Amino acid sequence: MQGIISLSLISIRAPFREIPRVYMALHLYTSAEPVNCMDDLTVEQVIAFHKQVIGTDGGDDRLFSEASLHQMVFLANRMDDVHTRAALALYSLVAYPAFRDGNGRTAQLVAEMILFNNGYTLEECDDEMTALVQGILSFTVEQVDVEEWLRSHVKKTSGHISFLRG
C-alpha cells in the first residue's frame, strides 16, 4: 500500500508504513528549525494523516465528531511522556472515533509519528497492533494497557535525521 505525502510544494509517494518517516523527513528538510511534533500536534495534522489513510485504503473521509478530535489533541499535547502521549492518541481515536472510517489506521499513524518525532520506532508487529485495536474497540483494553504495550514494542533510534539542502 502506498500513500502520497504533501508538504508545501513537495509531494512524495511512499509505502503507507513509511509515511511517518517520510513526513518528518520532509518537514525537517523544509523547516529552518527542528520541529518536535509532541508539542505541535494539531487537529490539522491528524486530519491530514486521516486523508492519507483514506486516500490509500479507501473509506468515508468525513468528520464524525470534531469534539473528539479536539479533545484528543488537547489532552495529548498536555502529556509530557512520549509513550503516554502516543498511547492517549491511539486509544482516544479508536475508542472515541473522530472520523466515519479509518480511525484505527489514523490512530496508529499518529501514534507512530509521535514516537518517531521523539526518537523511537515501533517494531513490526501488525498482528499484535490489530489485536490491540480490536481490544480497544471492545473496551477490553484500557489506555494504560496501550501505553504498556507501546513501551514494550518501541526502540530508541540512534542519532537524528539530518538532510543537506542543495
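The values are calculated or read from the model by the stated rules, or taken from the named source; none is laboratory data. Keep in mind the model is a prediction, meaning the values are calculated, not measured. As a convention, Cβ positions derive from the backbone with ideal geometry for all residues, glycine included, and neighbour counts pool all protein chains shown.
Numerical summary
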{"read-out": "The one condition in (1) modelled with pLDDT of 95 or more; (2) surrounded by fewer than 23 Cβ atoms within 10 Å (Cβ to Cβ); (3) basic (Lys, Arg) that Lys156 fails to fulfil", "value": "(1)"}
{"read-out": "In segment 116-138, residue nearest to the chain's Cα centre (by Cα) [restricted to those that are assigned to a loop (DSSP other than H, G, I, E, B) and farther than 18 Å from Gly102 by Cα]", "value": "Asn118"}
{"read-out": "Which listed residue, of Thr121, Thr130, Thr140, is β-branched (Val, Ile, Thr), in contact with a Ser or Thr (Cβ under 7 Å, 6 or more places away or on another chain) and without any contact (Cβ under 8 Å) to a residue 60 or more places away in the chain", "value": "Thr121"}
{"read-out": "Flag for Asn103 being more than 23 Å from Gln134 (Cα to Cα) and either within 13 Å of the chain's Cα centre (by Cα) or crowded, with 19+ Cβ neighbours inside 10 Å (or both)", "value": "no"}
{"read-out": "Top-ranked residue in segment 44-71 [being under 12 Å from the mean Cα position of the chain (by Cα) and not small (Gly, Ala, Ser); ranked as surrounded by the fewest Cβ atoms within 10 Å (Cβ to Cβ)]", "value": "Gln45"}
